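Read the structure below first, then the notes.
The values are calculated or read from the model by the stated rules, or taken from the named source; none is laboratory data. Since this is a predicted model, take the numbers as computed values, not measurements. Virtual Cβ from ideal backbone geometry, glycine too; neighbours counted across all protein chains shown.
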Amino acid sequence: MRRPRRILVYRCGALGDTIVALPAIHALRDAFPAAELALMTANEGDGVVWTDEVLRDFGWFAHVVTYRARELATVRGRGEILRRVRAFGPDLVVHLGSDRDSGLRLLRDRLFFALAGARRFVGGRASKATFFGRLRRERREYPYEVDRLLDVARRAGAAAGAPRFDLPLGTAHAERVAALLAARGIGQTRPLVAMCPGSKQGAKRWPVERWGELGARIVAHGADVAIVGGADEARVAATVARSWPAGRWTSLAGELSIMESAEALRRACLYVGNDTGAMHLAAAVATPCVAVFGARELARSWHPYGAAHVVLRHDAVPCANCYLAECTSEGLRCLTAITVDQVWTACRAKLPMRQAA
């Protein structure tokens, strides 16, 4: 088979969606080192850190084709996107689509890229949706999203091998994070725990007051806490930490770039938090995670990747696999059923021996 000279990688989403796709993109770059790569992705420009922004520091893509959902709603908009893809002239399209893509959507996208002149299209097979788009509710486990996307890359010609994240962390990232922590006296003589108590989706948020109680136990055990995340976590940081002693915690939320956040997480002995992009970032830098999951999504696919992590979830609710961003009927029972004692037990098993406070 003729080796591709121009590969277009299609992947859309925010921070977590992007981090789990890194091993697949690494595998493609290793398999086709001489090929020119382009990224096609959505960017809605609404304050979310989208895929093209996450990947900016990697230097992988010679071209980036971004679009907004509203462009797909008009013939003119679709034609403009088609023109931009055709201008790149991909030999191969590697479609790292959502695990909720229907067969009908994959067929639509395959036709779109054929019209753009792509000679070959490789897309995902495992999906949580039927051909016409109904989301599956049966109780079963799907592959990790990392492995599902790697399978697409391998069918495109990448070699089998262990997943690699390899974030481009540099001296500047390390120096900035070290300076911030040192100035606040956090994580200097005591273990550092990174905590992310928020999420953009309400159906993923364990109650704020429970994060406060958990953090108090972590501090009493002898560790310092750094709250990480974005603007949402920055807003709730003071509420979460209201009972924690001064000098034992800080909020880095909203202050760091993506790679600086990765560096802060790399320095932590433990990440504890909700199902968020920060969790996937922590797993990518090999920091053990204790993750609190709702039952809105089928088990395993979006869990932090690797064997070092603990996932706490309560699936014995009638509304499991609801796929909702906001709980509308059951009072968030799948999350409120998870107790502080359960999360603390998981954290304590991952923390170093008790230190002097």
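Listed by first and then second residue, the pairs with beta-carbon distance under 7 Å, at least 6 apart or on different chains, first residue in the range 196-214 and closer than 20 Å to ARG242 by Cα, second hydroxyl-bearing (Ser, Thr, Tyr), are CYS196/THR276; SER199/THR276; ARG205/SER199; PRO207/THR336; VAL208/THR239; GLY212/SER243. Selection of the range 86-108 for residues being assigned to a strand (DSSP E or B) and hydrophobic (A, V, I, L, M, F, W, C) yields LEU92, VAL93, VAL94.
Is there a residue being assigned by TED's automatic domain parsing to the domain that holds VAL64 and of a type in the set (D, E, K, R) anywhere in the range 114-124?
Within the range 114-124 (the criterion being assigned by TED's automatic domain parsing to the domain that holds VAL64 and of a type in the set (D, E, K, R)), the answer is yes, since at least one residue qualifies.
Of all residues in the range 109-130, those satisfying the criterion of being within 18 Å of LEU298 (Cα to Cα) and in a loop (DSSP other than H, G, I, E, B) are GLY124, ARG125, ALA126, SER127, LYS128, THR130.
Residue by residue, here is whether (1) in the same structural domain as VAL292 (by TED's automatic domain parsing); (2) modelled with pLDDT under 95 holds:
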site: ALA162; (1), (2): no, yes
site: LEU167; (1), (2): no, no
site: LEU180; (1), (2): no, no
site: ALA194; (1), (2): yes, no
site: PRO197; (1), (2): yes, no
site: LYS200; (1), (2): yes, yes
site: LYS204; (1), (2): yes, yes
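Of ALA31, ALA114, ALA129, ALA87, all but one fail to be within 26 Å of ARG155 (Cα to Cα) and in contact with a Leu (Cβ under 9 Å, 6 or more places away or on another chain); the exception is ALA129.
Scoring GLY222 on the criteria (1) crowded, with 18+ Cβ neighbours inside 10 Å; (2) on the phi > 0 side of the Ramachandran plot; (3) over 18 Å from the mean Cα position of the chain (by Cα) leaves a single failure, condition (1). Any idea how many residues of the range 195-236 are among the β-branched types (Val, Ile, Thr) and more than 22 Å from ARG184 (Cα to Cα)? Total satisfying the criteria: 1. Set side by side, the residues THR276, THR239 differ, and just one is more than 13 Å from ARG184 (Cβ to Cβ) and surrounded by fewer than 22 Cβ atoms within 10 Å (Cβ to Cβ), which is THR239. Screening ASP341 with (1) under 17 Å from GLN201 (Cβ atoms); (2) among the acidic types (Asp, Glu); (3) surrounded by fewer than 19 Cβ atoms within 10 Å (Cβ to Cβ) gives one miss only, at (1). For the range 162-184, enumerate the residues that are over 19 Å from LEU252 (Cβ atoms) and in contact with an Asp or Glu (Cβ under 8 Å, 6 or more places away or on another chain). Of everything in the range 162-184, those that are over 19 Å from LEU252 (Cβ atoms) and in contact with an Asp or Glu (Cβ under 8 Å, 6 or more places away or on another chain) turn out to be PRO163, PRO168. Looking at the range 307-338, which of the residues that are among the polar types (S, T, N, Q) and surrounded by 13 or more Cβ atoms within 10 Å (Cβ to Cβ) is nearest to ARG248 (Cα to Cα)? Per the criteria, the residue is THR336.
Within the range 291-327, being acidic (Asp, Glu) and under 18 Å from ASP17 (Cα atoms) holds for one residue alone: GLU297.
Please verify whether the range 303-313 includes one or more residues that are in contact with a His (Cβ under 8 Å, 6 or more places away or on another chain), touching a residue at least 40 places away in the same chain (Cβ under 8 Å) and either assigned to a helix (DSSP H, G or I) or under 14 Å from CYS289 (Cα atoms) (or both). Yes, because at least one residue in the range 303-313 is in contact with a His (Cβ under 8 Å, 6 or more places away or on another chain), touching a residue at least 40 places away in the same chain (Cβ under 8 Å) and either assigned to a helix (DSSP H, G or I) or under 14 Å from CYS289 (Cα atoms) (or both). Restricting the first member to the range 240-260 and to residues that are more than 12 Å from ASP224 (Cβ to Cβ), and the second to residues that are surrounded by 15 or more Cβ atoms within 10 Å (Cβ to Cβ) and of a type in the set (Phe, Trp, Tyr), the beta-carbon pairs closer than 7 Å and six or more apart or on different chains are VAL240/TRP211.
Could you grab me the full set of residues in the range 216-234 that are in a loop (DSSP other than H, G, I, E, B) and out of contact with any helix residue (DSSP H, G or I) (no Cβ under 8 Å at 6 or more places or on another chain)?
Hits for the range 216-234 are GLY222, ALA223, GLY230.
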